[in-house]
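Structure record follows, encoded as structure tokens.
Nothing in this text is a laboratory measurement; each read-out follows from the coordinates by a stated rule. Predicted model only: the values in this text are computed from it and were never measured. Using ideal geometry, Cβ is built from the backbone for each residue, glycine included, and neighbour counts are taken over all protein chains shown.
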Amino acid sequence: MSDVTVLAVASEIYPLIKTGGLADVVGALPAALAAEDVTVRTLVPGYPSVMAELAGAEQVYGLPHFFGGPARLLSARTGELDLFVLEAPHLYHREGNPYTAPNGEPWPDSALRFAALARLGASLGAGLLPGFAPDIVQAHDWQTGLVPAYLHYDGGRRPASVMTVHNLAFQGQFSAALLPALGLPDAAFTIDGVEYYGGIGFLKAGLQFADRITTVSPTYAAEICTEEAGMGLGGLLRARSAVVTGILNGIDTAVWNPGNDSFLPASFSLRRMAGRRRNLEELRAAFRLAPDGAGPLFGVVSRLTWQKGFDLLLGALPTLLSEGAQLAVLGTGEPGIEAGFRAAMASHPGRIACHVGYDETRAHLLQGGTDALLVPSRVEPCGLTQLYAQHYGSIPVVARVGGLADTVIDANPMALAMGAGTGIQFAPGSIGMLESAIRRTCSLFRDQKSWRRLQSNGMALEVGWRGPARRYAALFRELVSRST
Ligand code: ADP
């Protein structure tokens with residue numbers, strides 16, 4: 001097999017900087033693709049948390065005047081990741097997260113911060129550095145959507161480009177007045193270019209110009225090509241549907257492995273589930289839940305947003321309580337939803353607990369200790385938490401949308417008869433349907449034999465990156481063979 005070299009461009013990469021699943025995917029794919037003879041180098045912004053991990057980084061290119069200040073391109077290796085890092089203190093050296101200031105407001109210069117990343121990504125892809133000529137540039141999400149556009153308007157040597165959509169809801173739409181500052185020609189401001197509803201659309205640009213479009217599950221790939229779920233981009237995606245592919249995410253089984261998880265009080269496996277019970281006890285203690293819960297302990301590890309459907313869960317709490325179940329919530333998000341869970345905790349101490357914050361240790365404890373994990377999303381491109389849950393023997397209770405539809409086998413009577421279920425699905429997304437899913441989960445929990453079966457089915461699933469990496473590698477090879 002021939003080697004393929006990919007330059008990935010992304011605004012997050014685990015373990016250096018993470019706000020969501022994007023970072024997990026960008027961090028895990030390089031090692032998985034290496035096994036398929038695909039070499040990946042990843043370009044990321046030099047946020048403080050990235051710079052802090054770059055011992056031994058070397059400058060490979062100087063950019064004295066780059067989007068408003070001096071910048072450098074660094075080359076570095078950390079862990080298994082080969083990185084290019086755009087060090088540009090005027091753009092990235094700030095407290096806060098990649099997208100929002102400490103006060104929660106979006107950075108006012110987001111367009112420039114990410115256009116700079118995309119500009120450099122396109123130049124690197126086109127051969128800026130002697131000896132580095134990637135076959136493919138893979139742009140992840142709206143932050144890097146301008147990569148295919150720059151490649152298009154630059155002309156000259158052009159690697160093939162892939163635009164990967166992790167979440168179509170985030171599109172990066174900015175004022176048309178920025179066009180010159182972004183270094184795009186006036187001619188780019190057309191409906192066939194970067195223009196999007198009167199402004200500049202970063203993701204739109206990527207979808208317009210990339211050779212291939214991938215997204216993170218087959219069902220989401222179909223959903224985003226519809227008017228209803230296309231979020232303004234459905235028409236463009238329908239026009240390009242021949243080049244849209246859905247490839248499910250895997251999980252990083254080096255980080256998420258119940259048999260060897262340093263975040264957990266006790267490791268466990270399908271054959272040795274005693275550790276799991278100990279985690280459950282520790283989890284109850286950590287969340288100050290009553291130790292003698294009769295029903296299942298449900299968990300949530302998520303951004304607490306409308307997209308994730310947590311207003312529905314707030315509405316379904318009386319049912320959850322009436323079934324004798326408990327709930328532990330870990331997440332941050334919309335103030336109204338956070339407040340709703342805090343209020344529920346105050347009214348039902350020992351039964352409902354909520355930790356508002358981002359916390360890796362607690363995330364593992366929830367996966368390795370809860371009986372069931374709730375994912376009531378309205379939209380879910382792939383979703384990782386239901387994959388972790390299945391791998392850790394927590395039964396996912398999910399809305400039947402996007403990647404949740406593709407990764408959980410509903411334990412309906414037929415599936416149970418065939419011994420095939422791994423979780424509970426519900427549709428459509430409404431409080432009533434979520435309530436009935438919770439009731440169904442609780443009644444299955446009372447039938448411990450069926451419950452064990454669901455657990456063992458989930459834990460036996462192949463959810464690592466090998467399968468997905470093979471699919472990406474095949475797509476990359478096909479692209480390379482076409483363009484040569
Ligand atoms: P999304 O990317 O839409 O937020 P995913 O399910 O694809 O949703 O990925 C979410 C990732 O973020 C998972 O790795 C999950 O464990 C993690 N996560 C979400 N919220 C928290 C939190 N409050 N603390 C720790 N990890 C979290």
(message) Out of everything in the range 2-61 that is within 16 Å of the ligand (Cβ to nearest atom) and free of Cβ contacts under 8 Å to residues at least 40 places away in the same chain, what residue ends up being surrounded by the fewest Cβ atoms within 10 Å (Cβ to Cβ)?
(response) Ser49
(request) Taking only the range 153-188 into account, find how many residues are part of a loop (DSSP other than H, G, I, E, B) and in contact with a Leu (Cβ under 6 Å, 6 or more places away or on another chain). (result) 4
(request) Look through the range 136-158, keep the residues that are over 17 Å from the mean Cα position of the chain (by Cα) and within 26 Å of Tyr220 (Cβ to Cβ), and return whichever of them is surrounded by the fewest Cβ atoms within 10 Å (Cβ to Cβ). (result) His152
(message) Of the conditions (1) within 16 Å of the ligand (Cβ to nearest atom); (2) touching a residue at least 24 places away in the same chain (Cβ under 8 Å), Val408 satisfies every one except a single condition; which number is it?
(response) (2)
(request) Output the residues belonging to the range 356-385 that are of a type outside the set (A, V, I, L, M), within 8 Å of the ligand (Cβ to nearest atom) and touching a helix residue (DSSP H, G or I) at 6+ places or on another chain (Cβ under 6 Å). (result) Gln367, Glu380, Pro381, Cys382, Gly383
(message) With the requirement that a residue be among the hydrophobic types (A, V, I, L, M, F, W, C) and crowded, with 18+ Cβ neighbours inside 10 Å, what does the range 287-313 give you?
(response) Phe287, Leu289, Leu297, Phe298, Val300, Val301, Leu304, Phe310, Leu312, Leu313
(message) If the requirement is being touching a residue at least 60 places away in the same chain (Cβ under 8 Å) and either crowded, with 23+ Cβ neighbours inside 10 Å or within 21 Å of the chain's Cα centre (by Cα) (or both), which of these qualifies: Ala205, Ala221?
(response) Ala205
